[in-house]
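The structure appears right after this line, and notes come after that.
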Amino acid sequence: MEETSKGNVDAYELPWVEKYRPTLLSEIVGNEETVHRLSLIAKEGNMPNVIISGMPGIGKTTSILCLAHELLGPAYKEGVLELNASDDRGIDVVRNRIKAFAQKKVTLPPGRHKIVILDEADSMTAGAQQALRRTMEIYSNTTRFALACNQSSKIIEPIQSRCAMLRYAKLTDAQVLKRLLELCDLENVPHNSEGLEALIFTAEGDMRQAINNLQSTYSGFGYVNADNVFKVCDQPHPVIIYGMIEKCTEGDVDAALQSLRQLWDAGYSALDIITTTFRVVKSYSQMEEGTKLDYIKASAASLSKTSLTIYTGNWTDAHADIGRCAIARATLGFDRPTL
Ligand SMILES: Nc1ncnc2c1ncn2[C@@H]1O[C@H](COP(=O)(O)OP(=O)(O)O)[C@@H](O)[C@H]1O
Ligand SMILES: [Mg+2]
């Protein structure tokens, strides 16, 4: 990232996720214990093979890059091989490129190892992973591996057992908010608190998404409020959904259907509407637990119906009644209609 800002690229045009990507482990937000473990590794120098797993956008790749920079300093360029999912990482690449890198003589600070970074390692085929496992064994005294993945279960067992497994949890709303506020200050972004709440609501713990949406809203509208955020994110406005649920709870299904119609006419799909309903209900604090559960069940049933409808190609037909069913079922306890 430093290299990019030194080039001809106007720093203004850089995506903020890159511009503000932490360069030190200490700048990474959240997952304190795990990040602390990485800092200890960076300090002591004897890096084990590691796998960092967790949802997208929570700092896995960043952590590995920070770790490698802190371990190798100026020797990073020579001492690190980065391979991500867009590179070809089939068996041959693992055998040849990684092997050539592992055999290369490089001068490193004392006690340090060369590092191979394999981002999104869960997208590698089992065959390539087997080849990787052999390479890991053969070059273990000079080369260490850092893998990032969304699902650790997609990494073959023999690799897992050779690595320290670090799991990152999704970031809390407070953690995302704090970082968004920092960026608003740094970039002088006019905002109100509903706008930031909307960013947090849509990002669901994904910092990358929160920052991207902040930048898009700012560059599109110049002001970060809830309306602009939901326009940018192209999601139904939770306030409308909230109103719809409120009407349901009061038993006023006609009014609720009117809100639904409004979203429908605005072009949102059943999936958009149901997904947002689900999330609004989840965070609806005044609702009784039992009722909440009914709504969640109804949304889930509608979701599976929606996917089924897409699957069977009968999408438009069943479209209109899906949202209606969700509401009616949740409110009045209707049975689930058959397709
Ligand atoms: N924990 C975090 N602390 C600070 N910034 C973060 C964090 N997680 C993500 N980001 C921001 O999002 C971008 C993408 O993060 P990244 O590490 O690539 O996520 P992942 O690999 O988990 O999908 C980073 O460049 C940074 O701007
Ligand atoms: Mg990543």
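The sum of -39500 (n - 2.57) across all DSSP H runs of n ≥ 4, divided by the residue count of the chain, sets its helix-only mean residue ellipticity at 222 nm to -17000 deg cm²/dmol. Taking all protein chains as they are arranged and a probe of 1.4 Å, the heavy atoms of residue 253 leave approximately 30 Å² accessible to solvent. Under a model in which nothing but the beta-carbon of Lys, Arg (+1) and Asp, Glu (-1) is charged, the chain shows a dipole of about 1680 debye around its Cα centre. Relative to the longest principal axis of the Cα atoms of the chain, the long axis of helix 289-312 makes an angle of roughly 80 degrees. For the chain, the residue among 232, 283, 169 whose Cα projects farthest onto the positive side of the dipole built from Cβ charges is 169. Scanning residues 5 or more positions from residue 82 or on other chains, those with amide H under 5 Å from its amide H are 117, with H placed 1.01 Å from N in the peptide plane. Its Cα centre serving as origin, the range 244-307 has a Cβ charge dipole (Lys and Arg +1, Asp and Glu -1) of approximately 300 debye. Tell me, how many Å apart are the Cα centres for the range 108-148 and for the range 244-271? Here the two parts' Cα centres lie 52 Å apart. With the dipole of the chain worked out from charges on the C-beta (+1 for Lys and Arg, -1 for Asp and Glu) around the Cα centre, which of 248, 14, 298 lies farthest toward the positive end? Result: 14.
The values are calculated or read from the model by the stated rules, or taken from the named source; none is laboratory data. This is a predicted model, so every value here is computed, not measured. All Cβ positions, glycine included, derive from the backbone under ideal geometry; neighbour counts span all protein chains shown. Note: accessible area is taken over every heavy atom of the protein model, side chains too, but ligands, DNA and RNA are not part of it. Shrake-Rupley method; radii C 1.70, N 1.55, O 1.52, S 1.80 Å.
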